[in-house]
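Coordinate-derived values only; no laboratory data. Quick caveat: nothing in here was measured; it's all calculated off a predicted structure. FYI the Cβ positions are ideal-geometry reconstructions off the backbone, even for glycines, and counts take in every protein chain you see.
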Amino acid sequence: MSTVLDVQDLKVSFHTRNGVVRAVDGVSFKVEKGKTTGIVGESGSGKSVTCYSLLGLVPMPPGRIEGGSAKFGDVDLLKLSEKELQRIRGSRISMIFQDPMTSLNPWLRVGTQVAEPLRLHEGLSKSEAWKRAVEALREVGIPDPEKRIHQYPHEFSGGMRQRVMIAMALITRPELLIADEPTTALDVTIQKQVLDLIRDLQKRLGIAVVFITHDLAVVSEVCDYVNVMYAGRLVEASPVQELFARPRHAYTQALMRSIPALQRKGEPLYTIPGLPPDLANLPSGCAFRPRQTPERQALCLTDRQPPLVEVSPGHWAQDCPGCLIRD
Amino acid sequence: MSTAAAPAPSPAAFELPHVQPGRSLWQDAWARLRRNRLAILCGGLLVAIVLFCFLGPWLTGWNPTETNLALKATPPGTVEIRPDGSGGKHWMGTDPLGRDILTRIMRGGQVSLMVGLVATGVALLIGVGYGATAGYLGGRWDMGMMRFVDVLYALPFMIFVILLTTMFGKSMLLIFLAIGAVEWLTMARIVRAQVQVLVRQEFVEAARSLGLSTPAILIRHIIPNVLGPVIVYSTLTVPAVMLLEAALSFLGLGVQPPDSSWGTLINDGAENLETSPWLLLYPAAFFSATLFCLNFVGDGLRDALDVRASKD
């Protein structure tokens with residue numbers, strides 16, 4: 001099993017008028033070839049910023065990469081110049097976005113947009129690139145691609161547009177695909193189709209996928225390995241079956257309790273009390289402490305941030321006496 | 001329509017289907033524009049007016065600045081025979097100095113159209129480039145660039161022009177420059193505001209994640225998206241520029257007599273409205289016809305460039 005991406009101790013912060021926001025604070029994870037690594041967390045937990053910073057897409061200023069490394073092949077993505085990153089983006093690492101309604105340019109034909117990475121990175125002629133684009137659209141299950149390729153994005157439904165985005169991302173056969181909540185904006189039946197598509201293509205092409213989502217049901221469906229993020233840090237990281245069988249961290253457990261499908265009918269839905277902490281002034285110590293139940297809160301670390309420990313082989317969790325539940 | 005090659009029923013049905021690369025935005029827009037009869041009609045009329053103004057003076061046979069005090073402000077259709085036997089009809093009459101109105105309208109049209117189109121072109125080029133850059137870069141760059149625009153905005157236009165003319169003397173080029181220098185400011189603001197909205201759209205982020213460079217994103221993804229408002233504003237700028245030129249000429253800063261522009265002709269005509277209305281009627285008719293056509297062509301272009309408004 002070869003590692004495609006190895007992120008170590010990534011730190012990204014935003015220097016704003018209201019102080020320094022530590023959006024990502026010491027995150028490490030690996031992505032294996034042919035596997036899907038999930039990053040799960042609430043809004044504002046830093047999961048998107050983690051991935052944007054890998055491609056140099058974090059606006060700087062106010063953003064700043066404070067430290068860490070991201071080994072992709074034999075290069076460190078965080079140390080590349082904009083020019084070098086441009087050569088990697090869209091050819092070796094591609095990205096798909098949350099909202100397929102706005103991530104296609106309404107003024108350009110779908111074919112032009114799908115063919116764009118090929119024209120840019122492989123220097124293909126227009127007719128060559130369009131031929132490949134038709135194949136790419138067929139591959140993602142768009143019926144009648146010879147005709148559809150001449151249409152504009154507004155003539156496609158949401159699910160079809162997300163397929164177009166996937167075709168566009170994979171047309172250059174990248175080694176790594178970053179999917180930033182690719183199914184959040186779609187309704188459930190379409191969601192399933194798009195997830196299946198991503199999984200199929202990944203198996204066939206053997207690419208590595210980083211899958212960002214806040215939906216644990218989606219995680220269980222597509223991911224091989226899961227990183228749970230909270231307040232810019234990893235609270236738990238584990239192979240997917242292990243995580244669902246034995247969640248160790250209080251936050252992961254709370255997330256699982258909040259899945260509506262797993263709750264009993266007629267009872268009020270469970271929600272995690274409180275709000276995610278303000279990343280501009282994090283409490284010292286365990287970041288989940290303010291949202292813990294009172295008796296556990298007393299046990300949480302207050303003086304230092306809990307380090308990740310390996311609870312069982314391959315399963316890591318933050319070692320906070322209040323939050324970590326050992327066997 | 002007949003030029004587009006229909007996919008011929010080929011015997012090679014089992015080969016990879018031939019994929020026609022799509023038409024560009026411009027080819028598309030042209031196809032849609034052609035279906036808009038009013039816009040095409042007005043476009044044709046505009047071309048006719050331009051040809052009329054630039055080629056006409058050779059056909060009428062009159063010199064636009066030659067006076068004839070025997071024929072002061074004669075009505076349309078007056079026939080003048082010079083002592084040497086040459087001469088002809090004054091189709092639109094003569095002005096108080098006996099000059100042929102038709103020829104003067106043509107000559108004036110040359111000046112007005114040049115000012116209108118060149119100054120608008122300059123404003124368009126600078127305004128779109130500047131506004132798009134400021135809007136895209138944002139932050140401190142945007143601040144600096146837009147404050148510069150504010151400063152230029154605050155300069156009183158007339159004082160600016162008087163300053164220029166006293167420093168460099170009166171010339172047509174200077175009028176182009178002065179008007180262009182004022183008109184691009186509004187264009188830059190409009191474009192900047194549009195671009196600021198667009199930059200936050202996900203497809204720009206997506207374009208970046210595909211590895212496009214900043215200039216490529218601006219040219220391929222941003223500027224085509226702002227063309228609609230830009231074109232409409234341009235068609236409004238052309239008449240505004242022509243009026244500015246008329247105002248400058250009225251103050252003696254623009255076109256100098258005996259030369260003419262539509263602005264000066266209309267001014268002269270307004271003075272003689274009671275005695276010889278054709279002096280106002282004909283130049284005003286040309287002026288309004290031009291503006292009218294420009295507006296319809298502008299509307300047509302905007303609709304043609306909007307891929308969502310008119311479906312194929």
Report summary line: Under the helix-only model (-39500 (n - 2.57) for each DSSP H run of 4 or more, divided by the residues of chain B), the mean residue ellipticity at 222 nm, to 500 deg cm²/dmol, is -22500 deg cm²/dmol
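If exposed means no more than 14 neighbouring beta carbons inside 10 Å and the site is in a DSSP loop, what's the longest run of chain A without any exposed trypsin sites (Lys or Arg not before Pro)? Mind showing how you got there, number by number?
Numbers: sites that count: A:17, A:33, A:264, A:265, A:304, A:326.
Result, exposed sites excluded: A:34-263.
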Requested in this report: Taking 7 Å along the Cα-to-C-beta vector as the label spot, tell me the residue B:256-residue A:135 distance in nanometres, rounded to one decimal.
Outcome: 7.0 nm
Report task. Quote the FRET efficiency, to the nearest 0.05, computed for residue B:117 versus residue A:157 with a Förster distance R0 of 60 Å and r equal to the Cβ-Cβ distance. Result -> 0.85
Report task. Any chance you could give the angle, 0 to 90 degrees and rounded to 10, that helix B:278-305 forms with the longest Cα principal axis of chain B? Result -> 10 degrees
Requested in this report: Only Lys, Arg, Asp and Glu count, each charged at its Cβ (+1, +1, -1, -1), so figure out the dipole size of the protein assembly as shown about its Cα centre, rounded to 20 debye.
Outcome: 640 debye
Requested in this report: Only loop residues by DSSP count here, and only those with at most 15 other Cβ atoms within 10 Å; note down the chymotrypsin sites (Phe, Trp or Tyr not before Pro) in the range A:245-327 that meet that.
Outcome: A:270
Query raised in the report: Angle, helix A:188-205 long axis vs. longest principal axis of chain A, Cα atoms, 0 to 90°, nearest 10?
Result: 70 degrees
Query raised in the report: Which of the cysteines in chain A are isolated, no other cysteine C-beta under 4.7 Å?
Result: A:51, A:223
Query raised in the report: Which residue, chosen from A:320, A:300, A:230, occupies the Cα position most advanced towards the positive end of the dipole of chain A, where the dipole is computed from +1 (Lys, Arg) and -1 (Asp, Glu) charges on Cβ about the Cα centre?
Result: A:230
Query raised in the report: Under a point spin-label approximation (7 Å from Cα along Cα-to-Cβ), what is the residue A:293-residue A:8 distance to one decimal in nm?
Result: 4.0 nm
Requested in this report: Quote the FRET efficiency, to the nearest 0.05, computed for residue B:247 versus residue B:213 with a Förster distance R0 of 45 Å and r equal to the Cβ-Cβ distance.
Outcome: 0.55
Report task. Please list, or write none, the lysines whose alpha carbon is within less than 28 Å of the alpha carbon of residue A:79, excluding same-chain residues fewer than 8 places away. Result -> A:11, A:30, A:33, A:35, A:47, A:71
Query raised in the report: For peptide B:34-41, how many partner chain Cβ atoms fall within 10 Å of a residue's Cβ, on average?
Result: 0
**Report entry** 11 Å beta-carbon shell around residue A:56, net charge (K/R +1, D/E -1)
**Finding:** +2
Query raised in the report: How much length is gained if the chain between residue B:89 and residue B:158 is pulled fully straight, taking 0.36 nm per residue apart and subtracting their Cα-Cα distance, in nm to one decimal?
Result: 20.8 nm
Report summary line: A student asked for the Cα radius of gyration and Dmax of the protein assembly as shown in angstrom ought to give 33.8, 121
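Computed FRET efficiency, Cβ-Cβ of residue A:122 and residue B:148, R0 35 Å: what is it to the nearest 0.05?
Working: r = 41 Å, r/R0 = 1.18.
In this case the efficiency is close to 0.25.
Within 10 Å, at most 12 other Cβ atoms, and a DSSP state outside H, G, I, E, B define an exposed site. Report the longest part of chain B free of exposed trypsin sites (Lys or Arg not before Pro). Don't jump to the answer; show the numbers that get you there.
Numbers: sites that count: B:200, B:308, B:311.
Here the longest segment lacking exposed loop sites spans B:1-199.
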**Report entry** Which of B:63, B:186, B:48, positive extreme of dipole for the protein assembly as shown (C-beta unit charges)
**Finding:** B:186
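Taking only the C-alpha atoms, wrap a convex hull around chain B and report its volume per residue in Å³ as a whole number. Before the final figure, lay out each step's value.
Numbers: hull volume 59.8 nm³, N = 312.
Hull volume over Cα atoms, normalised by residue count, gives 192 Å³.
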Requested in this report: Normalising by the residue count of chain A, find the relative contact order in percent from Cα pairs under 8 Å and 6+ residues apart.
Outcome: 20 percent
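Write down the percent of antiparallel bridges among all DSSP beta bridges whose residues are both part of the range A:3-230, to the nearest 5. Show your work: numbers first, answer last.
Values: 21 of 40 bridges.
Approximately 50 percent, going by the DSSP bridge assignments.
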Query raised in the report: Other chains' Cβ within 10 Å of B:198-205 residues: what's the mean?
Result: 5
Report summary line: Relative to chain B, whose Cα atoms define the longest principal axis, helix B:262-271 and its Cα axis are tilted in degrees, nearest 10, by 40 degrees
Requested in this report: Would you grab the residues whose amide H sits under 5 Å from the one on residue A:39? Only those 5+ places off in sequence or on another chain, please, with H modelled 1.01 Å from N.
Outcome: A:211, A:212, A:213, A:227
Requested in this report: Determine the principal axes of the Cα atoms in the range A:3-230, then give the extent along each, sorted from largest to smallest and rounded to whole angstroms.
Outcome: 51, 38, 36
**Report entry** Options B:96, B:211, B:249, ranked by Cα towards positive dipole end of chain B, top entry (Cβ charges)
**Finding:** B:211
Report summary line: Ignoring GluC sites (Glu not before Pro) buried by more than 16 other Cβ within 10 Å or outside DSSP loops, the longest site-free run in chain B is B:67-273
Query raised in the report: Just counting partner chain Cβ atoms within 10 Å, what average do the residues of peptide A:126-135 show around their Cβ?
Result: 3
Query - Total charge dipole magnitude, chain B, about the Cα centre, Cβ charges on Lys, Arg, Asp, Glu only, Debye to nearest 20 - result: 640 debye
